[in-house]
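**Q** I'd like to ask some things about the structure below.
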Amino acid sequence: QTIVRLADYRPSDYLIDRVELDVRLHPTETRVTATLALRPNPAGEAGAPLVLDGDELTLLAVALDGQPTGPGAIEVTPRALTLHQPPQRPFVLEIETQVNPSANTKLMGLYRSNGVYCTQCEADGFRRITYFLDRPDVMAVYTTRIEADRDEAPVLLGNGNPVEQGEAGPGRHYAIWHDPHPKPAYLFAVVGGRLGRVGSRFTTMEGREVEIAVYVEPGKEGRANFALDAVARSMAWDERTFGRAYDLDVFNVVAVSDFNMGAMENKGLNIFNDKYVLASPDTATDADYANIEAIIAHEYFHNWSGNRVTCRDWFQLCLKEGLTVFRDQEFSSDERSRPVHRIAEVRTLRARQFPEDAGPLAHPVRPQAYREINNFYTATVYEKGAEIVRMLRTLLGPEVFRRGMDRYFSTCDGTAATVEDFLAAFAAESGRDLDAFARWYAQAGTPTVAVAGAYDAGRRTYTLSFRQSLPVIATEAAAAAEPRPLVIPVALGLVAPGGGPAAGRSERVSDGVFVLEAPEDSLVFTDVEAAPVPSLFRGFSAPVKVDHALTRDERLTLLAHDGDAFNRWQAAQSLAMEVLVARATAGAPLAAEAGPEGDALGRALATFLDGEALADPAFAALVLTLPGEQEVAQAIGADVDPDAIWRARQTLRVQLGRNLGARLLGLRDALAQPPGAPFSPDAASAGRRALRNAALDLVAAADPEGGTALAVAQLEDAVTMTDRLAALAPLSLVPGEAREAALARFGETYRDEPLVLDKWFALQAMIPEAGTLERVRGLMRHPAFSLGNPNRVRSLVASFSLNNPTQFHRPDGAGYDLTAEVVLALDGKNPQVAARLLTAFNTWRMVEDGRRQRAAEALRRVAGTPGLSPDVSDIAGRSLA
Ligand code: HT7
Ligand code: ZN
């Protein structure tokens, strides 16, 4: 397997200006004729051979400037078509290939999902359709003719605008699409199939009338309206917030049920995993609605951050992904609640990105090398990449940031850009040198910032001392060099011991932000009347771990009085985390459900709930939710015993449930939806459901019998999938008749709803009991389960391997074995999904020795299997390195 290095980037020797594609769809013998208008690239090597990428293609014919190529002029291997002596002037290459969409189980290139023809070309799927310069810095204008059997595929969609359609012989028809915007091949798409449609129109701020539509499985049109509305809201938001208007006459979204990731931003033709399109109150949870809205927005926003300005090479992936995640996070914050959304973002970052950054797969936001690019669509590139953009805004301020964005879009429009181009736009607008800031892109690992505060009553000063420490990460994706100090924006404030902002000033704090640039620094506040409580990294202003030894009382002060909602939540999390770590490392038995720290937290939460739960239920639900098991494992760091963490979490849930029981039941009553009230997926309604269900979770932990009765009743009465699933969750934790009956009934009720069955699979896969492994094996034989469908694999197997720490890390190693077995079974079909499943082993070095040995054995077994895909072999190799 070859390694690709950023340092080796060279421009392409040839460019392609125009592509004409004729795609004649057929289930097993699709023929593609590509007419490519090529020319030598002045920035490339003159006279070099033309090497077009290919993958699993059958070549039928090649012609150069209308003539068949002579003997020896071309060479064809499974992975490339080489023209040895291409003309050193513009020329036309016509290539006819054949592919088999029905046999394409990798779901890359052209494939069939439930009979619908669709494509996935990012990162390197276009070479599975035709031979091409399949790299993002080769941008061309595409015209696509799609032909198909009219019965089989009445709907034919391509990139850009529709140009023409008509008959193409008996039973066949065609459509021609033209995309005037030059684009890299990874944004190419076609769709052909029998699809239902919902549509509307949007008028852009430039006065362009856009036909927007969402295509779904026929009969499910009613479930596409929320997504359609989200498209219109995204368009309006990008105009309002970034001045970016849509640039074609149509914008189509197509939902398919077999898809490797969430969705794909193909120009004018976004293709989605149907999980992120289809929603009805009966089948989708509030979290599903929020995800649909966010992912629709994300793909739409790519039209500027990704499509109009694309990436020069795949090392620059964060340029489009980090920026677009930042943009979709801002959209969701504006459409919903900003603090609540920020907390959700940080929970994801800590649960997914921090462990990635601390494990063997750690890599910089812009990696320096890769073997398989598909393994770099990671939380680090996406989520940490978004945090970098957010820090840039914090450092420059919103106005300069917006001007920088405008400059970036205008100077880089129509180009394949780099992180340097991005930063240059902000440097030019701000007049600031961003070279040190750029280290965030190059250095892997989560920094720790240690902070100590000291009050001098005589001088009335308060001094905060900061020290940043950066992990040394030596992996092939990261430079081995010693890390250099980062530019860390610390949004902060001082809280008076009795509440309210404390007096005190420092010239080094501007707009509430202190910038830590040196390895160590201290910040002196003057005129401070009494020892304050510092509120640091407000709004999580930098993706760091904070080592700040506040007392319990100081944290309680922040929980009660901080003006920053994020840090109020953080205070509750930190209080809980202290209890959890102490209990998990002391090996507390399950019976230890009391303890002064837990009671203190309970009292603080009681005061908080009494004061404001009903004012902001969504926020209150988050305050009541304890840090997850993975987060506790990260806090412990080494020799982790996942069972001890689970027990610690369980005992605290029981303790809080007991301390808060009456209140929680009162809240549930107060928040109950009146019978017959209409359903709304809006944030306020979702927040009320979230708090009711967070209350149920704690009540059920404290009183399994009473909780079971409550959950059974909720399951009976629920009118939303959110409430039904929230009732099933605590039920699934109590072994016995009631659980099995409830699960069986749910499975039967939704047997024809694959996306709902996914929730049912996931819930069962996450039961923290020894019997779960056999349950998962059993469910793998369920008629609705298929290794060929990524959603099914993710909901059943990945839920077990990634979201059930006690069972994945079973002391006997059986959880590792099951995961390894599925990875190997899947690898031949769908290497991308197999490789992603294998990342469950990312935390293997953190667990205690016995488990660690067994995990290593399973990983070695995978790594040593002959014939592995590059995807799985890359993850296995790096995990063991
Ligand atoms: N840009 C898209 C990434 C994507 C993808 C990557 C590899 C293999 C399959 C894929 N499907 C979609 C989606 C996004 O981040 O917007
Ligand atoms: Zn994206």
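**Q** For the residues Phe566, Phe800, what sequence is obtained by ranking on other C-beta atoms within 10 Å, fewest first?
**A** Numbers: Phe566 24, Phe800 28.
Least to most surrounded, the residues fall as Phe566, Phe800.
**Q** Please list, in chain and number order, the residues 5+ apart from Val365 or on another chain whose amide H is under 5 Å from its amide H, with Hs placed from the backbone.
**A** Counting only residues 5 or more places away or on other chains, the set is Gln443.
**Q** Moving on to the next point. Quick check: the distance between the Cα centres of the range 256-275 and the range 454-507, to the nearest angstrom?
**A** If we compute the Cα centre of each part, the gap is 42 Å.
**Q** Would you mind computing, in nm to one decimal, how far apart the modelled labels at Asn114 and Glu239 are, each placed 7 Å from Cα along Cα→Cβ?
**A** The answer from the label model is 3.3 nm.
**Q** Could you work out, for the range 404-486, what percent of all Cα-Cα pairs fall into each 5 Å distance bin, beginning at 0 Å and stopping at the bin that holds the largest distance?
**A** Spelled out per bin, shortest first, that is 3, 12, 15, 13, 12, 14, 13, 8, 5, 3, 1, 1, 0.
**Q** Counting Lys and Arg as +1 and Asp and Glu as -1, what is the net charge of the other residues whose Cβ lies under 12 Å from the Cβ of Thr285?
**A** Counting the neighbours of Thr285, the net charge comes to -1.
**Q** Also, I was wondering about something else. Suppose R0 equals 45 Å. What FRET efficiency, 1/(1 + (r/R0)^6) with r the Cβ-Cβ distance, do Glu737 and Val4 give to the nearest 0.05?
**A** Efficiency computed from Cβ-Cβ geometry: 0.20.
**Q** Multiplying the sequence separation of Ala454 and Thr105 by 0.36 nm and subtracting their Cα-Cα distance, what value in nm do you get?
**A** The span from Ala454 to Thr105 would gain 119.5 nm if fully extended.
**Q** Pairs of Cα atoms under 8 Å, at least six residues apart: use those to get the relative contact order of the chain, whole percent.
**A** Values: 1793 pairs, mean separation 71.4, N = 881.
It rounds to 8 percent for the chain.
**Q** Let me ask something else. So, R0 is 30 Å and r is the distance between the beta-carbons of Arg432 and Ala43; what FRET efficiency does that work out to, to 0.05?
**A** 0.50
**Q** Give, as a single signed number, the net charge of other residues whose beta carbon lies under 11 Å from the beta carbon of Pro543, with Lys and Arg counted +1 and Asp and Glu -1.
**A** Value of the local net charge: 0.
**Q** Just to confirm my numbers, what's the Cα centroid distance between the range 160-175 and the range 92-125 in Å?
**A** Using only Cα atoms, the two centres lie 20 Å from each other.
**Q** So what J values fall out for the range 767-777 if you push phi through Karplus, 6.51 cos²θ - 1.76 cosθ + 1.60 with θ = phi - 60°, rounded to Hz, Gly and Pro as x?
**A** Rounded to whole hertz, the list is 5, x, 9, 4, x, 5, 4, 5, 4, 5, 4.
**Q** Could you give the nm distance between label points at Thr415 and Thr749, where each point is 7 Å from its Cα heading toward the beta carbon?
**A** 5.6 nm
**Q** What does a probe at Asp527 reach in the range 472-516, counting residues whose amide N is under 20 Å from the point 7 Å along Cα→Cβ?
**A** 492-514
**Q** Here's something else I'd like to know. Tell me, what HN-Hα J-couplings in whole Hz come from the Karplus equation 6.51 cos²θ - 1.76 cosθ + 1.60 at θ = phi - 60° for each residue of the range 78-91, using x for Gly and Pro?
**A** x, 10, 7, 10, 10, 9, 5, 10, x, x, 9, 8, x, 8
**Q** Let me ask something else. Counting only residues 5 or more places away or on other chains, whose amide H sits under 5 Å from the amide H of Val4 once H atoms are built in the peptide plane?
**A** Excluding prolines and chain starts, which carry no amide H, the hits are Tyr370, Arg371.
**Q** Using helices alone, what [θ] at 222 nm do you get for the chain, with -39,500 (n - 2.57) per DSSP H run of 4 or more residues, divided over all residues and rounded to the nearest 500?
**A** When only DSSP H runs of four or more count, the value is -12500 deg cm²/dmol.
**Q** Show which lysines lie in cross-link reach of Lys220 when reach means a straight Cα distance below 29 angstrom and same-chain residues fewer than eight apart are skipped.
**A** The reachable lysines, counting only those whose Cα sits under 29 Å from Lys220, are Lys106, Lys267, Lys275, Lys759, Lys829.
**Q** How much length is gained if the chain between Asp849 and Ala709 is pulled fully straight, taking 0.36 nm per residue apart and subtracting their Cα-Cα distance, in nm to one decimal?
**A** Values: separation 140, 0.36 × 140 = 50.40 nm, distance 4.10 nm.
46.3 nm is the gain from fully extending Asp849 to Ala709.
**Q** Shifting gears a bit: Cross-link partners among lysines for Lys545, C-alpha distance below 19 Å, same-chain residues fewer than 8 apart left out?
**A** Counting by Cα, and skipping residues close in sequence, Lys545 has these lysines nearby: Lys384.
**Q** Amide H neighbours of Phe251 under 5 Å, counting only residues 5+ apart in sequence or on other chains, H built in-plane at 1.01 Å?
**A** Glu211, Ile212, Ala213
**Q** Above 16 angstrom, tally the Cα pairs of the range 146-234 and express them as a % of all pairs, no decimals.
**A** Details: 2504 of 3916 pairs.
So the pairs more than 16 Å apart make up 64 percent of the total in the range 146-234.
**Q** Sticking with this one: Take the alpha-carbon centre of the range 139-159, take the same for the range 532-583, and report the distance between them in whole Å.
**A** 55 Å
**Q** Now, a different point. Which whole-Hz ³J(HN,Hα) couplings does the range 433-446 yield from phi under the Karplus relation 6.51 cos²θ - 1.76 cosθ + 1.60, θ = phi - 60°, glycine and proline marked x?
**A** 7, 9, 4, 5, 4, 4, 4, 4, 7, 9, 9, 7, x, 8
**Q** Tell me, Cys318, Cys311 in order of fewest to most beta-carbon neighbours within 10 Å?
**A** Cys311, Cys318
**Q** Using the Kirkwood radius over Cα pairs, work out the Stokes-Einstein diffusion coefficient for the range 310-442 at 4 °C and 1.567 mPa s, in µm²/s as a whole number. Intermediate results must be reported in sequence, preceding the final value.
**A** Working: Rh = 15.3 Å.
Translational D for this selection: 85 µm²/s.
**Q** Under the 0.36 nm per residue contour assumption, what length would be gained going from the current alpha-carbon distance of Thr348 and Val76 to full extension?
**A** Details: separation 272, 0.36 × 272 = 97.92 nm, distance 4.55 nm.
Working it through step by step, the gained length comes to 93.4 nm.
**Q** Given a Förster distance of 41 Å, report the FRET efficiency between Asp334 and Asp817 from their Cβ-Cβ distance, rounded to the nearest 0.05.
**A** 0.30
**Q** Here is a follow-up. I'd like to know which of Phe251, Pro754, Tyr131 lies farthest towards the positive end of the charge dipole of the chain, counting +1 on Cβ of Lys and Arg and -1 on Cβ of Asp and Glu.
**A** Pro754
**Q** So how long is each side of the range 550-702 along the principal axes, counting just the alpha-carbon atoms, biggest first, in Å?
**A** That gives 51, 32, 25 Å along the principal axes, largest extent first.
**Q** In Å and whole numbers, how far do the C-alpha atoms of the chain stretch along each principal axis, longest first?
**A** 88, 65, 58
**Q** Ranked by Cβ crowding within 10 angstrom, fewest neighbours first, how are Phe761, Phe91, Phe354 ordered?
**A** In order of increasing Cβ crowding within 10 Å: Phe91, Phe354, Phe761.
None of the figures in this text is laboratory data; all of them are computed from the coordinates on show. Just so it is clear, the model here is predicted, and its values are computed rather than measured. In this analysis, Cβ positions are derived from the backbone assuming ideal geometry, glycine residues included, and neighbour counts consider all displayed protein chains.
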